[in-house]
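The values are calculated or read from the model by the stated rules, or taken from the named source; none is laboratory data. Treat the numbers as computed from the prediction; the structure is a model and nothing was measured. Note that we place each Cβ from the backbone using ideal geometry, even for glycine, and neighbour counts take in every protein chain shown. What goes into the accessible areas is simple: the full protein's heavy atoms, side chains included, and nothing from ligands, DNA or RNA. Shrake-Rupley method; radii C 1.70, N 1.55, O 1.52, S 1.80 Å.
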Amino acid sequence: MKKEKVLARLKEDCLVAVIRAKNYEQGEKVVDAVIAGGINLIELTMTMDEGDPVGFIKLMAEKYKDNDKVVIGAGTVLDPETARACILAGANYIVSPGLNVETIKLCNRYRVPMLPGVMTPTEAITAMEAGADIIKIFPGNIVGPAAISSFKGPLPQGEFMPSGGVDVDNVDKWLKAGAYAVGTGSSLTKGAKTGDFAAVTAKAQEFVKAVEAARA
């Protein structure tokens, strides 16, 4: 998927499901449950307990290759080597908890959106100078929705996506504060810990409705 289309989908859907899979079997069930609930932007992290997370990205990219609504990305990517492996496996965007300029450069080389994690204006400026289109505010629960306006005050040209601490009860605050999109993980996939994947689907549906209400 072309970079421009991925960025447009992020803006259009506003909601990214961050999935930290235990293994292939559990991870696939979570992905299926989240998509069934209406969330189509999927961030598969490199923190898999059992198995190869890059291989899991390849599996999910292949499974959903004919579904033009689903966009598979990679999360918790710490370096350009991992980013390239994820891109080759089928990841359409790359997300990191921190700022690594070489990873941004690598992704720009292959025209793949890269969302680096930042906590300070200096990091945000560095990320923008390196060519990051969207900047991830992480951990979002530490700074709260007010961080968006704080960043956009001196950096109105920046686009920001919070991740960490985003839930159904506060997603509207993040979006109304000016977030380009939001990423949510543990509050969305909590049911998977007990094998209740129907609960994951139900929570995904709640998130979708909350986003729609916030944007109305």
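List of remarks:
- Filter result (under 19 Å from Arg9 (Cβ atoms) and loosely packed, with under 15 Cβ neighbours inside 10 Å) within segment 78-116: Tyr110, Arg111
- Test for Leu59: is it open to solvent by less than 10 Å² (accessible area, probe 1.4 Å) and not in a loop (DSSP other than H, G, I, E, B): no
- Among the residues making up segment 131-141, a single one is surrounded by 15 or more Cβ atoms within 10 Å (Cβ to Cβ) and over 14 Å from the mean Cα position of the chain (by Cα): Ala132.
- When Thr194, Thr184, Thr189, Thr201 are checked against the criterion of being closer than 16 Å to Val34 by Cα and touching a Phe, Trp or Tyr at 6+ places or on another chain (Cβ under 8 Å), a single residue qualifies: Thr184.
- Residue check, Gly144 on the phi > 0 side of the Ramachandran plot and open to solvent by less than 30 Å² (accessible area, probe 1.4 Å): yes
- Checked against the criterion of being modelled with pLDDT of 95 or more, open to solvent by 10 Å² or more (accessible area, probe 1.4 Å), more than 27 Å from Val34 (Cα to Cα) and touching a Phe, Trp or Tyr at 6+ places or on another chain (Cβ under 9 Å), the candidates Met128, Met119 yield just one match: Met119.
- Among the candidates Leu99, Leu106, residue that is in contact with a Gly (Cβ under 9 Å, 6 or more places away or on another chain) and modelled with pLDDT of 95 or more: Leu99
- Checking each residue in segment 1-56 for being of a type in the set (A, V, I, L, M), part of a helix (DSSP H, G or I) and under 12 Å from Val200 (Cα atoms) picks out Val30, Val31, Ala33, Val34, Ile35, Ala36.
- Residue satisfying condition, being modelled with pLDDT of 95 or more, open to solvent by less than 30 Å² (accessible area, probe 1.4 Å) and under 20 Å from Gly75 (Cβ atoms), within set Ala210, Ala204: Ala204
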